[in-house]
Structure formats: C-alpha cells, structure tokens
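Structure first, then comments.
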C-alpha cells in the first residue's frame, strides 16, 4: 500500500514539473478590456393561422333516401300498371329532390402551421485584453478589473 502511495505522489510531482518544462509559466494579470464576439443563428418560429376549408358535397345519400321515400309515396297512387308507373315516377322525383336538398357546400375550420425564419445575433464568446496588451478568446465572461491567469511562454 505504501508503494502505491509513493508512486502516486511521485507521478504528481513529475507531471507538475513537466508542465512547465517547455518554458511556460502561469501569471496573474488584470483585465483592461472585454469585447463580446457574436455569431448569427437562424430561429425558426411556427405561426398558426385558422383557415376555412370548403368542399362541395354531391348529395348521393339524399338521392337514395329521396328515391326510396318517393317510391313509397308514388306506390300509394294508381292501379295496376299505373301503380308501377307512379312508383317509378315517385322514386325519380324523390331522388332528384333528395339530391338537391343534400347538395351543398360543407365548410370546416382548419389550423394551418407555417414557419418564419429570422436571424438573431448571440454571444459566442469574449475577447479579453489584459494590462500587458495580450488578448485571448474565452467563453467565460470577465469584467474589467478582474484578475485572470495567463499562461505565458518564456523564450
């Protein structure tokens, strides 16, 4: 167990020594300026509108019902072959009347969805300037006067 702890501690010490072996150091600096960096995105918004849809109805159901009713009524008149003629005439007249009564336009409301696209500028990051004049880009929001860590390369 002691060997594992010693190896773990040694690896931490050696890795921290190698972090600055390539000539980098970390210093603190004061922020002197912050500029926002924008990018444009497209927003797609749905718009719902109501519209009325109308369809013509043929009235076939009315023709059938009218024909049956007209045939029954026509059957009440005439005798012999006259009875058959009146039944047929009543059926034809009832079918025509029933079709005309059932014919018409049927309208119903329907929601229509359409989309509108618009552009919007959103903050994509910040360009931060520190007291030495160095600039770096970050996603983190800093304010003038904040202290930040700067990784410098020593040459």
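The values are calculated or read from the model by the stated rules, or taken from the named source; none is laboratory data. Note that the coordinates shown come from a computational prediction; the quantities given were computed from them, not determined experimentally. For neighbour counting, all protein chains shown are included, and Cβ atoms are generated from backbone atoms with ideal geometry for every residue, glycine included.
Applying the selection to region 64-79, what residues are surrounded by 14 or more Cβ atoms within 10 Å (Cβ to Cβ) and assigned to a helix (DSSP H, G or I)? Lay out the reasoning, then the answer.
To start, the set of residues in region 64-79 that are surrounded by 14 or more Cβ atoms within 10 Å (Cβ to Cβ) comprises 64-71, 73-75, 78.
Across region 64-79, the qualifying residues are 64, 65, 66, 67, 68, 69, 70, 71, 73, 74.
Criterion first (in contact with a helix residue (DSSP H, G or I) (Cβ under 7 Å, 6 or more places away or on another chain) and free of Cβ contacts under 8 Å to residues at least 40 places away in the same chain) does residue 138 satisfy it?
On the way: in contact with a helix residue (DSSP H, G or I) (Cβ under 7 Å, 6 or more places away or on another chain): no; free of Cβ contacts under 8 Å to residues at least 40 places away in the same chain: yes.
In short, no.
Just to be sure, is residue 82 surrounded by 12 or more Cβ atoms within 10 Å (Cβ to Cβ) and either in a strand (DSSP E or B) or out of contact with any strand residue (DSSP E or B) (no Cβ under 9 Å at 6 or more places or on another chain) (or both)? Walk me through how you get there before you give the answer.
On the way: surrounded by 12 or more Cβ atoms within 10 Å (Cβ to Cβ): no; either in a strand (DSSP E or B) or out of contact with any strand residue (DSSP E or B) (no Cβ under 9 Å at 6 or more places or on another chain) (or both): yes.
The answer is no for residue 82.
In region 1-41, which residues are part of a strand (DSSP E or B) and at pLDDT below 70? Explain how you work it out, then say what you get.
Taking region 1-41 first, the residues part of a strand (DSSP E or B) are 24-41.
Listed by number, the list holds a single entry, 24.
Return the only residue of 132, 114 being touching a residue at least 60 places away in the same chain (Cβ under 8 Å), in a loop (DSSP other than H, G, I, E, B) and at negative phi. I'd like the intermediate steps shown before the answer.
On the way: 114 fails: in a loop (DSSP other than H, G, I, E, B).
One residue alone meets the criteria, 132.
Considering only residues that are in a helix (DSSP H, G or I) and at pLDDT below 75, look in region 90-106 and name the one that is farthest from the chain's Cα centre (by Cα).
Here is the first cut: in region 90-106, the residues in a helix (DSSP H, G or I) are 90-102.
Checking which are at pLDDT below 75 leaves us with 98-102.
Values: 98: 48, 99: 45, 100: 46, 101: 45, 102: 42 Å.
Step by step, filter region 90-106, then rank; the result is 98.
Looking at the structure I just gave you, is residue 144 surrounded by 11 or more Cβ atoms within 10 Å (Cβ to Cβ) and under 18 Å from residue 25 (Cα atoms)? Break it down stepwise before answering.
Numbers: surrounded by 11 or more Cβ atoms within 10 Å (Cβ to Cβ): yes; under 18 Å from residue 25 (Cα atoms): no.
In short, no.
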